[in-house]
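Where a number appears in this text, it was derived from the coordinates with a stated rule and is not lab data. The shown structure was predicted, so the numbers you read here are calculated from the model rather than taken from an experiment. Note: ideal-geometry Cβ built from the backbone for every residue, glycine included; neighbour counts use all protein chains shown.
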Amino acid sequence: MPALVKLFLTSSNPGKLKEYRFLADTAANSVSIELALLPEFESLPAFEENAPTFAENAAGKALHYSRLQEGLVFADDSGLVVPALGGAPGVHSARYAGVHAANSERIEKLLREMLDKRGQDRAAYFVCATALARKGRALAVVTDRVDGEILESPRGAGGFGYDPVFYFPALKKTFAELLPEEKNLHSHRGKAFRKLLAALSSML
Ligand code: IMP
């Protein structure tokens with residue numbers, strides 16, 4: 001019988017919970033993961049994600065909430081990096097076009113900024129940092145990425161965020177054209193989370 005481990009996700013977003021549950025259920029692992037949203041997440045003192053790196057934001061968030069919640073606390077931070085734009089949108093991916101902007105506005109801004117970029121200058125990657133903490137101690141922080149390129153116009157109806165303009169050459173599709181199983185297999189989030197689970201199982 002695999003060991004059963006409960007993780008509290010530092011989010012109030014049921015969509016994120018669903019995605020991580022799917023990843024946990026499909027990962028070949030000796031640990032069986034029970035994932036739950038951190039109780040009362042919205043009413044706890046918030047963690048400001050202002051660090052310059054994904055890893056610092058994820059680790060900082062996991063540490064912060066692990067001082068407020070018993071047990072194992074899990075956090076992530078992710079975003080899109082375009083080297084030809086000096087790393088933008090980067091850690092500002094979610095608020096690239098302003099805090100209240102829609103996905104379509106973020107994509108429009110990105111495509112505008114990239115109008116003069118050709119060939120290798122359209123290279124981009126998604127990054128996901130995941131972190132696990134307990135009682136103010138970091139147990140693991142892992143980061144992974146997936147490489148692709150930014151198209152000149154959106155394609156596909158699935159996924160979220162920048163997926164419609166992120167072309168993944170290995171499957172010749174944008175992330176918005178992938179089946180959820182395909183995206184989970186190849187995505188920055190899937191890869192980082194599986195690494196974190198492997199780190200967790202080596203600690204048990
Ligand atoms: P956070 O990790 O919840 O802070 O989200 C970071 C932001 O990065 C999201 O709002 C998206 O704009 C972008 N992002 C992160 N991962 C993905 C992805 O898999 N597809 C598309 N956009 C993503």
Top mean-square fluctuation among LYS61, LYS117, LYS183, Gaussian network model of the chain, C-alpha springs under 10 Å? LYS117
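Taking other Cβ within 10 Å of each residue's Cβ, how do HIS64, HIS188 sort, fewest first?
Working: HIS64 19, HIS188 24.
Final ranking by Cβ density, sparse to dense: HIS64, HIS188.
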Go ahead and set up a Gaussian network model of the chain, Cα springs under 10 Å, then flag whichever of LEU44, LEU72, LEU80 fluctuates most. LEU44
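When the Kirkwood hydrodynamic radius is evaluated over all pairs of different C-alpha atoms of segment 1-90, what value in angstrom, to one decimal, is obtained? Intermediate results must be reported in sequence, preceding the final value.
Values: mean 1/r = 0.0690 Å⁻¹.
In segment 1-90 this quantity evaluates to 14.5 Å.
For segment 80-139, what class follows from the C-alpha gyration tensor (a ≥ b ≥ c being the square roots of its eigenvalues): rounded when a/c is under 1.5, otherwise prolate if a/b is larger than b/c, else oblate? Don't skip to the answer; put the middle values down first.
Details: a/c = 3.93, a/b = 1.78, b/c = 2.22.
In terms of gyration-tensor shape, oblate.
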Taking Cα atoms, the helix 103-113 axis meets the longest principal axis of the chain at an angle in degrees (rounded to 10) of 50 degrees
Per-peptide average of other Cβ atoms within 10 Å, ordering 33-39, 129-135 highest first: 129-135, 33-39
Rank LEU111, PHE47, ALA24 by how far each Cα sits towards the positive end of the charge dipole of the chain (+1 on Lys, Arg Cβ; -1 on Asp, Glu Cβ) and give me just the farthest. ALA24
Build a GNM of the chain with springs between Cα atoms under 10 Å: which of GLY87, GLY119, GLY60 gets the top mean-square fluctuation? GLY119
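Mind checking the dipole of segment 3-203: about its Cα centre, +1 per Lys or Arg Cβ, -1 per Asp or Glu Cβ, Debye to the nearest 20?
Numbers: 25 positive and 24 negative charges, 70 e Å.
Around 340 debye, computed over segment 3-203.
For the chain, take the convex hull of the Cα atoms, compute a quarter of its surface area, and give me that in nm², please.
Values: hull surface 45.4 nm².
With the hull built on Cα positions only, its mean projection is 11.3 nm².
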Neighbouring Cβ atoms within 10 Å as the yardstick, rank VAL82, VAL31 fewest first. VAL31, VAL82
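Which whole-number percent is the relative contact order of the chain (Cα, under 8 Å, 6+ apart)? If you can, show how the numbers build up before the last one.
On the way: 397 pairs, mean separation 38.5, N = 204.
Here the relative contact order equals 19 percent.
Around HIS64, with a cut-off of 14 angstrom between Cβ atoms, what is the net charge of the other residues, counting Lys and Arg +1 and Asp and Glu -1? Walk me through the intermediate numbers first.
On the way: positive: LYS61, ARG67, ARG134, LYS135, ARG137; negative: GLU48, GLU49, GLU56, ASP76, ASP77.
Charge balance near HIS64 sits at 0.
Among residues other than ARG189 whose Cβ falls under 9 Å from its Cβ, what is the net charge (Lys/Arg +1, Asp/Glu -1)?
-1
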